Each structure stands twice: as C-alpha cells, then as structure tokens.
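The values are calculated or read from the model by the stated rules, or taken from the named source; none is laboratory data. Remember, predicted model here, so these are calculated numbers, not experimental data. Note that each Cβ is placed from the backbone with ideal geometry, even for glycine, and that neighbours are counted across all protein chains shown.
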Amino acid sequence: MTQDHEARIEQLEIDLAHANRTIDDLNTMVVEQGKQIDRLTRLVSQMTDQVEELAEQVLPAHQIDKPPHY
C-alpha cells in the first residue's frame, strides 16, 4: 500500500476508536438516565398515593343524600 492509503486507514481506525468511545459513553448515560426515570416514576407514584390518602382523610367523602324535596 502507498503511504497515503496507510495514512487514510490509520485515520479511519482513529475515528472508529473515537466513535466507539462516544457510543460507550452515550450508552452509559442512557442506562443511568433509565435508572433515574424508574426511580422518579416510583417516587411520583408513591407521592400520588400519599396525596390521595391525605385527601381522603381531610375531605370527608361526599354522601349522596336525597334532595330536600323528597
């Protein structure tokens, strides 16, 4: 091979190594974000349950009474 071809192949190998590193970094970030999303989803669900429970305790259940004209 000529020197030009070798230089081009070497540059392609360097670019590929950088691309692989970037892909690995992005994958790690996506996995961590997925864990955070799962944790936050659980927290929101727990908080929703707590708010509903508190609302039931504070606000009495609306009783359906017959209208006064009955």
> Within the group I9, I37, which residue is at pLDDT 95 or above and more than 32 Å from the chain's Cα centre (by Cα)?
Replying inline: I9
> What about H5, is it part of a helix (DSSP H, G or I) and loosely packed, with under 10 Cβ neighbours inside 10 Å?
Replying inline: yes
